Amino acid sequence: MEHRLSRFAHKVLCVAAWGSLVTLALVEKPELSRNSSLSDVTEIMKGIAYSPVPIKNMGETFPNDDFMSLQFNALWDDAGRGDLNIIKKLGANTVRLYGNDPRFEHQQFLQAANAHGLRVIAGMSNYPFRDAPNACKKTGWNCYEQIKEQYAYNLQNGFLQEDGSYNGALSHVIIINEPDYKAPGLNAPMLFCKAIISALDGILSAEKEANVHGDLIKFTATFSFGICEACSKYTTLPALGQMYNLRAAMLDPSTVGYRPKNDLRAAYESRFHHSFNVQSPAKFIQEKFLKFYAGEFQEQLFIGEYHAPTVPQSDDMAAILNLAEDPTNKFMGICYFEFQKSYWKGGTELDFGMLGLGKTALLDFTANGMKYTAWCLDNHVPDPHQQGTTLVKQVTQAYNGDGYDFDGACLFDPGKVPITDDGYKRILAQKSTARMMKFVKRVVGHLGGVAVDQSGLEAFAAGYSDEAVPPAGDFTSMVGVLAGTHPKWASWDTLSSACVVDHGALPQALEEAVDYACRTMQDLQTFNCADVPQECNETSTRADYVFSVYYIDVAKGVEPLQNCLFGGSAQYAPRETYKSWDSSCVITQDPGSTALTQQGYDAVLHTLDSDKVAGLITRVLSERLHEHVSDTSALKRLASNQSASLPQSFKQLMLVLRNASWTCGGETHRTCSPDLPQADAWIWLALATAIGVVIVVLLYFIWKQRQRQRRGRVPLVAESRRPTQELQ
């Protein structure tokens, strides 16, 4: 858990862009994480500090700010508000985070960031340092055991890939944010350095035990820009004294009374970058920090939080990035502070944050056991020192970003609104045929169809968009027309459609929907989700299995928009849609596609169609036993259950088929060709006869042709001899 309510004032000098001296009070910031790649990179770090607390009111508590966790994917996932996509559109290449609860899974956030080309800087929570029952402050600031335990969980919950290498998106881990305030303060450099190096020691041990290999990430401790008068050197300059003492402790841990279990010197020299948070403008940073850093340190450096609120952002952002372009500075770049305003803190914190929270509620979600709203983002936060522009515009310009359509994002998305009357009304209010087309296309996709004729789709959507003509009806009438008449501009799958996962659903919502379906089926005693086949235990395949069984067993295969929606986590889709992913876990009444399990068998049996049952048995023989039918009449007798020999259990069916005398191939060791079904034999006989007739006819014509040729040669021979006789 992150606790960022308290702030401590520290005195530093700040030189404004016009050269005047002012006093700048530095306050404690949230734990930060900064983004880069696994190896050293040459591009400038253009990061954004990300802590999108979804609260508009000051003073509200927020118990856990691990925004990498799935419970907040309504904010960062493309299926939600899409913050990671927005960050990329602004031109950033790095996202820095604060909270880190090791109990939560972080893999999907890292994968999402990687998909958008973003590097991730993750932080370590304050909890093991200050708030846990066995916090570091209670063990003399020896943090080895506490951080080793936490980092081991981080490695298990997404930091590592299955092969034991780091996730490609993760570039840095901030061991602790502003330790010179927290562990325990600027007046005790020996203790905060001990906390940092012992924590790093614990991280290295956790890596060893997890057998981490491949490209390794970097570590940092992000200091404040305060002046450490108790440090060994640079006692009048910001941040430098802290870094100087930390380096000394890394190279010789005994100077802070610590005995490491790993080679901290080697780790520092190969895997450590320095970092700090600052509110001062670029000119001050150059004069009071960078020119001294370059002569003292070899390690690369970045700014974990950067925003100088006392100067125009356009000039200052350009200036700080120009400093990063100078290789003599060892300066990698910045993470702009911050993505969104922290309304819950209030006060001077509202000077930061380039985006506000708008009025449109895009979707609701649950996190920390509480209900929250993902509000659309307000991009009209002005730059107070530059008229006619906004903070987000200045950041986008400095980062050379493409920009993002924030106004459009605050319109309800036809690709995300619920497929309900409420969702229809939200799109209807926009009076746009193009946007209604997207909504109608989704409705068709949830009714077992696929729109194939765009002109037909457009004409239909125009009748419900209110753009040019009054709507032809409401949502109910729209669905009635689509489901009742199956318009020709769409193809409709009436055999293989199934209730399957909607891959645009948020993972957390999907998990809740599957749990609901499982509880309902268990209460009704129709199916126990513990019986989902092992091969269907991936998140999406399990959802496919559960939803498709639910729709047949509980919903009886009717009213897909009511019984196969699950809050947007499922869709009644045609096979054309779901065949592109692993469809082996989908239950349908189609013998050619349903899963070969008890539930798939039940679904086909319930059709009371012996031909479909025969088709399923033939498929089982082929796919499971690698056998074939040698007597179709015997197959039909079994499928129609004429002798009451058709079992209701799929396992029993397998036993019956293994002992059947009317199959061939596979383990039966019976040759299939002599035992072809009678109908097939007649076909082959007819084909052989036809081929024989053709061959006889061809031979006859060849013989006749040769006969003609022989008769034609006789006169030629006689004429050729005549001149010879005359000469004699």
### Query
Does anyone have the angle between helix 507-524 and the longest principal axis of the chain? Alpha-carbon axes, 0 to 90°, nearest 10?
60 degrees
### Query
Over the range 552-673, what is the relative contact order in whole percent, taking alpha-carbon pairs under 8 Å and six or more residues apart?
17 percent
### Message
For a Förster distance of 30 Å, can you work out the FRET efficiency between the beta-carbons of R130 and K208, rounded to the nearest 0.05?
### Response
0.70
### Those lysines that a straight Cα-Cα span of less than 16 Å connects to K636, excepting residues fewer than 8 apart in one chain
K612
### Summary
Longest principal axis of the chain (C-alpha) makes with the long axis of helix 610-623 (C-alpha) an angle, in degrees to the nearest 10, of 70 degrees
### Query
For V514, what accessible area in Å² do you get when you roll a 1.4 Å probe over the heavy atoms of the protein chains, rounding to the nearest 10?
10 Å²
### Message
Given a 1.4 angstrom probe, what's the average accessible area per residue across the range 317-401, in square angstrom?
### Response
41 Å²
### Task
At a 1.4 Å probe radius, which order do S645, S125 fall into by accessible area, largest first?
S645, S125
### Query
Expressed as a whole percentage, what fraction of the accessible surface of the chain belongs to carbon and sulfur atoms when a 1.4 Å probe is rolled over the protein heavy atoms?
52 percent
### Message
Suppose every Lys and Arg Cβ carries +1 and every Asp and Glu Cβ carries -1, with no other charges. What dipole size does the chain come out with about its Cα centre, to the nearest 20 debye?
### Response
1840 debye
### Residue (of T390, A74, T668) at the positive-pole extreme of the chain, dipole from beta-carbon charges
T668
### Query
Considering only the range 249-398, what is the antiparallel percent among its DSSP beta bridges, to the nearest 5?
50 percent
### Query
Once you put a point 7 Å from the Cα of K431 and another 7 Å from the Cα of R103, both along the Cβ direction, what distance in nm separates them?
5.1 nm
### Pairwise label distance in nanometres, A318 with Q161, each label 7 Å out on the Cα-Cβ vector
4.1 nm
### Solvent-free Debye scattering, log10 I(q)/I(0), computed from the Cα coordinates of the chain at q = 0.08, 0.10, 0.11 Å⁻¹
-0.77, -1.02, -1.13
### Query
How much accessible surface does D351 have with a 1.4 Å probe, in Å² rounded to 10?
90 Å²
### Message
At R0 = 30 Å, how high is the FRET efficiency between S455 and T494 if r is their beta carbon distance? Nearest 0.05 is fine.
### Response
0.80
### Message
Please compute the length gained on full extension between Q642 and E511, using 0.36 nm multiplied by the number of residues separating them and subtracting their Cα-Cα distance.
### Response
42.8 nm
## Note on the structure
Cα-Cα longer than 32 Å, checked against K261/K291; K138/K341; K56/K194; K56/K579; K46/K438; K89/K359, kept in input order, equals K261/K291; K138/K341; K56/K194; K56/K579; K46/K438
#### Entry: Cα lying deepest toward the dipole's positive end in the chain, options T577, A324, V311, charges on Cβ
T577
### Query
Once the dipole of the range 532-648 is set up with Lys and Arg at +1 and Asp and Glu at -1 on Cβ about the Cα centre, which of G615, G567, T541 lies farthest towards its positive end?
G615
#### Entry: Residue-normalised accessible area of the range 121-275, expressed per residue, 1.4 Å probe, Å²
35 Å²
### Task
Could you tell me what percent of the DSSP beta bridges with both partners in the chain are antiparallel, to the nearest 5?
45 percent
### Query
So what is the 222 nm mean residue ellipticity for the chain from helices alone, if each DSSP H run of at least 4 adds -39500 (n - 2.57) and you divide by all residues, rounding to the nearest 500 deg cm²/dmol?
-12000 deg cm²/dmol
### Message
For the range 438-484, what does the accessible surface come to per residue with a 1.4 Å probe? Please give it in Å².
### Response
44 Å²
### Query
Hey, what did the range 168-264 get for relative contact order, percent, Cα under 8 Å, at least 6 apart?
33 percent
### Around C529: net Lys/Arg minus Asp/Glu count, Cβ-Cβ under 13 Å
-4
### Summary
Computed over the chain, the relative contact order (Cα-Cα under 8 Å, seq sep at least six) in percent reads 10 percent
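The values are calculated or read from the model by the stated rules, or taken from the named source; none is laboratory data. What you see is a predicted model, and the numbers here were worked out from it, not measured in a lab. Don't worry about glycine lacking a Cβ; one is built from the backbone with ideal geometry, like all the others, and counts go over all protein chains shown. Quick note on the areas: whole protein, heavy atoms, side chains included, nothing else; ligands and nucleic acids left out. Shrake-Rupley method; radii C 1.70, N 1.55, O 1.52, S 1.80 Å.
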